[in-house]
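Written out below as structure tokens is the structure these notes cover.
The values are calculated or read from the model by the stated rules, or taken from the named source; none is laboratory data. These numbers come from a predicted model, not from an experiment. In this analysis, Cβ positions are derived from the backbone assuming ideal geometry, glycine residues included, and neighbour counts consider all displayed protein chains.
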């Protein structure tokens, strides 16, 4: 038996602006997320563009601010590497210029120190006797976290040389 589905109540432009202002004030958003939200609300084309222009003019929406915040938070809290951050930002259709700008938020010394910390922690957890397989499992974990393959193997080699 089918239920009667009520159609969504159509919002006015002012209601959409108000709703999107709250949406963007809650946390940083990118243009892609805002366009998706507008689409879900039934706004597209010139209507959506006028709402986005309003959000930018009122400083609720800033792609640059979003990218910097995204890069910082994913690196600091989730310990993601540049490759994973890059792929996630590309999914959001962020320009390469903004991505490059956002990567300036990551200090190179902190990046290498975080990689070293991840290697130390994961190495202790891997229960593998064969050193080749152990290193492969470690590298696979770090690749999944988004670190560069060349850098990973360089760090693993340096660790092997120390032991």
Considering only residues that are free of Cβ contacts under 8 Å to residues at least 24 places away in the same chain and within 13 Å of residue 152 (Cα to Cα), which ones fall in the stretch 125-139?
136, 137, 138, 139
Quick test of your reading of the structure: residue 64 fulfils all but one of (1) within 19 Å of residue 149 (Cβ to Cβ); (2) in a helix (DSSP H, G or I); (3) in contact with a helix residue (DSSP H, G or I) (Cβ under 8 Å, 6 or more places away or on another chain). Name the failing condition by number.
(1)
Cβ contacts < 9 Å: first residue within 13 Å of residue 111 (Cα to Cα) and not assigned by TED's automatic domain parsing to the domain that holds residue 96, restricted to the stretch 57-85; second residue modelled with pLDDT of 95 or more and part of a helix (DSSP H, G or I), any location; separation 6+ or different chain. Result?
none
Going through the stretch 145-156 one residue at a time, which ones are touching a residue at least 24 places away in the same chain (Cβ under 8 Å) and either assigned to a helix (DSSP H, G or I) or farther than 14 Å from residue 78 by Cα (or both)?
148, 151, 152, 155, 156
Go over the candidates 89, 112 one by one and state the one that is in contact with a helix residue (DSSP H, G or I) (Cβ under 7 Å, 6 or more places away or on another chain) and either assigned to a helix (DSSP H, G or I) or at positive phi (or both).
89
